[in-house]
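What follows is a set of notes on a single structure, which appears directly below.
The values are calculated or read from the model by the stated rules, or taken from the named source; none is laboratory data. Here the structure is a predicted model, which is why all the values come from computation and not from measurement. Please note: Cβ atoms are built from the backbone with ideal geometry, for glycine as well, and neighbour counts cover all protein chains shown. What goes into the accessible areas is simple: the full protein's heavy atoms, side chains included, and nothing from ligands, DNA or RNA. Shrake-Rupley method; radii C 1.70, N 1.55, O 1.52, S 1.80 Å.
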Amino acid sequence: MTDAPSTADAPWAVGQLSTKIKDYIDRLGQVWVEGEIAQWGVSGGNVYGKLKDVTDDATVSFVIWSSVRSTLPDGLGQGDRVTALVKANWWVKGGTLTMQVSQMRRVGLGDLLERLERLRATLAAEGLFAPERKKPLPFLPQCIGLVTGKDSDAEKDVIRNAQLRWPSVQFRVVHAAVQGDKAVAEVTAGIRQLDADPEVDVIIVARGGGDFQNLLPFSDESLVRAAAACQTPLVSAIGHENDRPLLDDVADLRASTPTDAAKRVVPDVSDELSRVQQVRARMLTRVTGAIATEVDRIASIRSRPALASATWIIESRADELTRAVARGVELTTRALERAHLEIDERRRQLRALSPQHTLDRGYAIAHTAAGAVVRSAASVAAGTELVITLADGRLGATATGPALTPSEERPA
């Protein structure tokens, strides 16, 4: 067999290609794999089946020869989670690949728990379980989203108990597988569908309990992360007390059973009416007490002397007003007297300075017919008509010239 490369002019034979594939696969050797038995059939003492990945969509066929089957644990079959030592075998003639199993064992419960705890620690370190990220449930949801198995007791319990407590509550139900290989994908899709619905106020994921392995889908990392990313408040009602699925830790509220979920999500109408009556009674008592206290306080105020007699203020102020009026009259009288005296003094001063007072003393004022006051005898020519103003009346006169003084009249 040549190792020359295959070309259009020199192609490999089919057998050559198949042999090369076998040589390549044989170099892989034996490997340990883990998965879930998806198919298990016995023929001629040999077991033919399929092993699928527990998280990814991958499946391989396997065969267990009768010589190996006798060494396997009792009761192995479809649905078991196992680890197997396998060797890939390529059948050259048929062109098929088969995994030959030389050892197979169940995955121990301890192994699963250890892996779950490691995943729990990882998610907790990311803060997905932190109390501060938990969203509060609405007080009275109008529409509840429910992810559960079709026609399951969990569905009936949630709806029946919720409607008994609040008859008008509505449900938006998404049916999904709650165990098996389809559970993770369908429950995750249901959560996302309800979270995208603006009318859904709260989401309940419900299942009526089960053994540890049946609950493994609710600890799947992808489902848990989808629940953590949910914007709508989410309630986990898986109903298993001993082995808590990781969904319980990431949910905003964990309910012990589907019935408990209904009771914790929906308030009881009778309880709420009773609370309303109690609040109204307390309010009435407090308002009545407050009114009675104010009535007593007003009565106490009215009994005081200030309000007992309505005339005491007038009577007490009347004397003050009388005294104030008398004082005002006295002050006004004094002010007027001082003003009169001051006016008289001003009048005397004016009279002393007035020209009339000077005339009254015997003086006269001479002025020409034009009204000019004669101030100097030299300014008046002889024959000038003059008017002489006296203290009482006026005289007409004619200037005859300057008059001689007594000294001038004596003989020289």
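Descriptive notes on the structure:
- Condition check for Arg207: open to solvent by 10 Å² or more (accessible area, probe 1.4 Å), under 32 Å from the mean Cα position of the chain (by Cα), in contact (Cβ under 8 Å) with a residue 24 or more places away in the chain and under 30 Å from Val269 (Cβ atoms): no
This table checks each residue for (1) open to solvent by less than 30 Å² (accessible area, probe 1.4 Å); (2) of a type outside the set (Val, Ile, Thr); (3) modelled with pLDDT under 85.
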{"position": "Gly77", "(1), (2), (3)": "yes, yes, yes"}
{"position": "Val82", "(1), (2), (3)": "yes, no, no"}
{"position": "Lys87", "(1), (2), (3)": "no, yes, no"}
{"position": "Trp90", "(1), (2), (3)": "no, yes, no"}
{"position": "Gly94", "(1), (2), (3)": "no, yes, yes"}
{"position": "Leu97", "(1), (2), (3)": "no, yes, no"}
{"position": "Val101", "(1), (2), (3)": "yes, no, no"}
{"position": "Leu113", "(1), (2), (3)": "no, yes, yes"}
{"position": "Arg118", "(1), (2), (3)": "no, yes, no"}
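- When region 224-263 is filtered for residues that are in contact with a Ser or Thr (Cβ under 8 Å, 6 or more places away or on another chain) and modelled with pLDDT under 90, the ones remaining, listed by number, are Gly239, Glu241, Pro245.
- Subset of region 192-237 [in contact with a Leu (Cβ under 6 Å, 6 or more places away or on another chain) and of a type in the set (A, V, I, L, M)]: Val200, Val202, Ile203, Ile204, Val224, Ala227, Ala228, Val235
- Single match in Val374, Val329 (criterion: open to solvent by 80 Å² or more (accessible area, probe 1.4 Å) and either of a type in the set (Lys, Arg) or out of contact with any Pro (no Cβ under 6 Å at 6 or more places or on another chain) (or both)): Val329
- Among residues of region 385-398 that are more than 14 Å from Gly371 (Cα to Cα), those with a beta-carbon under 7 Å from a residue that is modelled with pLDDT under 85 and in a loop (DSSP other than H, G, I, E, B) at least six positions away or on a different chain give the pairs Thr398/Gly383.
- If you go through region 52-85 and keep only what is under 24 Å from Thr188 (Cα atoms), among the hydroxyl-bearing types (Ser, Thr, Tyr) and outside any loop (DSSP other than H, G, I, E, B), you end up with just Thr59.
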